[in-house]
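Below: one structure, written as structure tokens.
The values are calculated or read from the model by the stated rules, or taken from the named source; none is laboratory data. What you see is a predicted model, and the numbers here were worked out from it, not measured in a lab. Glycine also receives a Cβ, built like all others from the backbone with ideal geometry; neighbour counts cover every protein chain displayed.
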Ligand code: GDP
């Protein structure tokens, strides 16, 4: 399936290496844990997370008096599943309209993800409208329009350089009058001007508070899995500027660093809600901890 294929590179880097180590050791000993530790760290689980996982596995091995090294794999699966399933990954988008604000730096796959999310909800019979709130680059507006056409939804846009809050205001009015179920708002992706970005996001947020009081709202941060630990630091910076309700982790298919999902969850405590596993419209999936771990170790 798609998820399994998408995780191919990560599987090769984590699972196959772990299997090799477990087989070659046969029995549990201290050196085995050192090897596991190294594999997990190079798979971008992060040092803190890796240490915690290894310590937990060690104590379970002691408690359960495990000798067979192959059994350690089940403990690892257990451990990862426990971390990944903490907190919900549900969307609360019941009001009409409901709003998704999408944030993230340029190049991470923000526009593509907006197209994919629009497609997901359109297929559920929802009326979706897009707002081209990244007005800094003309290309961003064009790209969003291309995706919208592909999916078959409308975009509310103004010209390059216009006030993002004004675009969002227009889009809200359109969403109301066209009775849209879901308004997806793109936002600027410049992190180097953090102060501007923060002000822009605040202004957009104020427009939504005022024009759609009580509407369900999700703020999704798009992160590129191939950037590994960089993605973590982006998430930290963005969480200072916005109340992120979930993460869209893109390009999992293009990386062996799929372990970043675990690091994000344990280090940031923001749920990964969607994962990108390819460039096509339907290459976006709801994140499910059990499915993910099963796909990783299958
Ligand atoms: P933006 O600048 O953040 O809006 O990025 P784009 O949406 O334009 O995407 C940048 C590149 O990443 C494009 O070539 C996309 O096709 C690619 N991309 C986005 N999501 C995924 C994904 O899940 N898997 C793969 N392989 N490529 C992706």
- Any residue at all in segment 77-85 that is under 20 Å from the mean Cα position of the chain (by Cα) and within 30 Å of residue 201 (Cα to Cα)? yes
- Which residue, of 40, 7, 76, 32, is modelled with pLDDT of 95 or more, buried (at least 18 other Cβ atoms within 10 Å of the Cβ), closer than 20 Å to residue 295 by Cβ and out of contact with any strand residue (DSSP E or B) (no Cβ under 8 Å at 6 or more places or on another chain)? 76
- Message: Could you check segment 247-269 and list, in sequence order, the residues that are more than 16 Å from residue 12 (Cβ to Cβ) and surrounded by fewer than 21 Cβ atoms within 10 Å (Cβ to Cβ)?
- Response: 266, 267, 268, 269
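Kindly provide the set of residues from segment 34-54 that are more than 27 Å from the chain's Cα centre (by Cα) and farther than 20 Å from residue 296 by Cα, ordered by number.
Taking segment 34-54 first, the residues more than 27 Å from the chain's Cα centre (by Cα) are 34-35.
Scanning segment 34-54 gives a single hit, 34.
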- Query: Taking only pairs six or more apart or across chains, which ones have beta-carbon atoms under 8 Å, a first residue in segment 111-137 that is without any contact (Cβ under 8 Å) to a residue 40 or more places away in the chain and closer than 15 Å to residue 180 by Cβ, and a second residue that is part of a strand (DSSP E or B) and away from the ligand (no atom under 12 Å from the Cβ)?
  - Reply: 122/128
- Every residue from segment 96-106 that is within 7 Å of the ligand (Cβ to nearest atom) and either in contact with a strand residue (DSSP E or B) (Cβ under 7 Å, 6 or more places away or on another chain) or closer than 12 Å to residue 148 by Cβ (or both): 104
- Could you check how many residues of segment 118-143 are buried (at least 19 other Cβ atoms within 10 Å of the Cβ) and touching a strand residue (DSSP E or B) at 6+ places or on another chain (Cβ under 6 Å)? 9
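Do the conditions hold for residue 234, that is, is it touching a strand residue (DSSP E or B) at 6+ places or on another chain (Cβ under 7 Å) and either surrounded by fewer than 22 Cβ atoms within 10 Å (Cβ to Cβ) or at pLDDT below 95 (or both)? Spell out how you get there, then give the answer.
Working: touching a strand residue (DSSP E or B) at 6+ places or on another chain (Cβ under 7 Å): yes; either surrounded by fewer than 22 Cβ atoms within 10 Å (Cβ to Cβ) or at pLDDT below 95 (or both): yes.
It is true that residue 234 is touching a strand residue (DSSP E or B) at 6+ places or on another chain (Cβ under 7 Å) and either surrounded by fewer than 22 Cβ atoms within 10 Å (Cβ to Cβ) or at pLDDT below 95 (or both).
If I go through segment 212-226 residue by residue, how many of them are outside any strand (DSSP E or B) and either touching a helix residue (DSSP H, G or I) at 6+ places or on another chain (Cβ under 9 Å) or free of Cβ contacts under 8 Å to residues at least 40 places away in the same chain (or both)?
Qualifying residue count, segment 212-226: 5.
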